[in-house]
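Presented below is the structure to which this report refers.
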Amino acid sequence: MAAPTEEIDDADADAGELALRFSVDARHAGTRLDKALAELMPDVSRSRLQQWVAGGAVRVNGAVVRQRQELVLGDLIEIEPQPAPDAKAYAPEPMPLAIVHEDSDILVVDKPPGLVVHPATGHWSGTLLNGLLAHSPQLFDVPRAGIVHRLDADTSGLMVVAKTLAAQSHLVRQLQERSVTREYWAVVLGAPAPTGTVDAPIGRDARNPLRFRVSHATSAKPARTRFAVVAAAQDGTVRLSWLACRLDTGRTHQIRVHMEHIGHPLVGDPVYRRGLPGREGDPRAWRGFTRQALHASRLGLIHPATGRAMTWFRAPAADLADLMTQLGFGPLDEPTRVFEERR
């Protein structure tokens, strides 16, 4: 195949990408497009080349074609290289942030449901990290833009962000020492014991990569969740409970996994609902609530610069507040005291 000619394509000039053109010679005539591309562009992974073809960035004789298209002598292949999916992962993107507290060392934000915290496959932009970089450019100098703990995309509530390396180190140490107070409100199915502790290690579910589960495999990590029932309600044959949960560890999906493990999955949870009887007991079906009913309501820590103990509280997001109000739960505009009351 002849050496490619390279031209700046006007449509991509702002991105600085080069449009590549290859003329098929005898060496690649009769070869499948995907195989030819892999040989022509060995520095680009096959998966990225496949994405380019599927996205219409590769044309043969001006037409979008399939991966397995067989090439013919004299065909003209035109390629518009596309940026890697993660190219925008650390790009600042202005977005509204519900800032609860901010000073020169830390920032506390009330994350809405539906907002992904950190860029990852399928969510390389539009994340909280992108919004934080736009709000505070100094976070470019802090690993992970100062994010020291995360919330699931569909979990709302309070998160602290470090604005300096020193603050980040201090906050990570507090998390490791389990001195940060993280209280969550959850609405679960059933009637758990008035108080309890789930002390059970968590590992990835080998049968479903989207799930985690209580596991005693060597790769599982210790996890401990304390809970207390704030109130309970009856809706027809369905019993529901408002729990306050406190984390002693911070594993992925920890509360969701632990509540499912003890037989009280969260209302609305699309993933953790093992052993539920029929539609009446299905947390996805209850009153049409479509995400896990979970909110990080309270956050307490030692300020990394001043040494002062600080605590913040925020009421649940509107959809969860509506659900809880329908059940007669409240008040919702002040923190619960169940852990203090039941010591």
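Assorted remarks:
- Condition check for Val100: of a type in the set (A, V, I, L, M, F, W, C) and not in a loop (DSSP other than H, G, I, E, B): yes
- Checking each residue in the stretch 307-327 for being without any contact (Cβ under 8 Å) to a residue 12 or more places away in the chain and either farther than 25 Å from Glu260 by Cα or in a strand (DSSP E or B) (or both) picks out Gly307, Arg308, Ala309.
- Looking only at the stretch 186-208, and only at residues there that are loosely packed, with under 13 Cβ neighbours inside 10 Å and of a type in the set (A, V, I, L, M), the one that is farthest from Ala233 (Cα to Cα): Ala206
- Arg173 being surrounded by fewer than 22 Cβ atoms within 10 Å (Cβ to Cβ) and outside any loop (DSSP other than H, G, I, E, B): yes
- Residue check: Thr121 meets all listed conditions (1) of a type outside the set (Asp, Glu); (2) outside the structural domain of Arg314 (by TED's automatic domain parsing); (3) modelled with pLDDT of 95 or more; (4) exposed (fewer than 15 other Cβ atoms within 10 Å of the Cβ) but one, namely (3).
- Some residue of the stretch 282-291 being at pLDDT 95 or above and either closer than 29 Å to Lys163 by Cα or in a loop (DSSP other than H, G, I, E, B) (or both): no
- Residue in the stretch 53-69 that is crowded, with 16+ Cβ neighbours inside 10 Å, in a helix (DSSP H, G or I) and free of Cβ contacts under 8 Å to residues at least 60 places away in the same chain present: yes
- Single residue of the stretch 209-218 satisfying the filter (part of a loop (DSSP other than H, G, I, E, B) and in contact (Cβ under 8 Å) with a residue 24 or more places away in the chain) that is surrounded by the fewest Cβ atoms within 10 Å (Cβ to Cβ): Leu210
- Residues of the stretch 219-243 that are hydrophobic (A, V, I, L, M, F, W, C) and either surrounded by 19 or more Cβ atoms within 10 Å (Cβ to Cβ) or part of a strand (DSSP E or B) (or both): Ala223, Phe227, Ala228, Val229, Val230, Ala231, Ala232, Ala233, Val238, Leu240, Trp242, Leu243.
- Listed by first and then second residue, the pairs with beta-carbon distance under 9 Å, at least 6 apart or on different chains, first residue in the stretch 228-240 and touching a residue at least 40 places away in the same chain (Cβ under 8 Å) and over 14 Å from Val267 (Cα atoms), second surrounded by fewer than 17 Cβ atoms within 10 Å (Cβ to Cβ) and among the hydroxyl-bearing types (Ser, Thr, Tyr), are Ala228/Thr195; Val229/Thr195.
- Of the listed requirements (1) modelled with pLDDT under 95; (2) more than 29 Å from Leu301 (Cα to Cα), Ala232 misses just one: (1).
- The single residue among Ala134, Ala186, Ala145, Ala166 that is farther than 16 Å from Ile255 by Cα, in contact (Cβ under 8 Å) with a residue 60 or more places away in the chain and either aliphatic (A, V, I, L, M) or not in a helix (DSSP H, G or I) (or both) turns out to be Ala166.
- The residue pairs whose first member lies in the stretch 98-119 and is closer than 19 Å to Arg144 by Cβ, whose second member is among the aromatic types (Phe, Trp, Tyr) and at pLDDT 95 or above, and whose beta carbons are closer than 9 Å, counting only pairs six or more residues apart or on different chains, are Val108/Trp312.
- Among residues of the stretch 285-298 that are under 23 Å from Thr311 (Cβ atoms) and in the same structural domain as Glu183 (by TED's automatic domain parsing), those with a Cβ under 9 angstrom from a residue that is among the polar types (S, T, N, Q) and buried (at least 23 other Cβ atoms within 10 Å of the Cβ), sequence gap 6+ or separate chain, pair up as Leu294/Thr155; Leu294/Ser156; His295/Thr155; His295/Ser156; Ala296/Thr155; Ala296/Ser156.
- Subset of the stretch 219-250 [closer than 24 Å to His149 by Cα and among the hydroxyl-bearing types (Ser, Thr, Tyr)]: Ser219, Thr225, Thr249
- Within the stretch 243-263, considering residues that are among the charged types (D, E, K, R) and over 14 Å from the mean Cα position of the chain (by Cα), the one modelled with the lowest pLDDT: Asp248
The values are calculated or read from the model by the stated rules, or taken from the named source; none is laboratory data. Computed from a predicted structure; not experimentally measured. We place every Cβ from the backbone using ideal geometry, glycine too, and count neighbours over all the protein chains shown.
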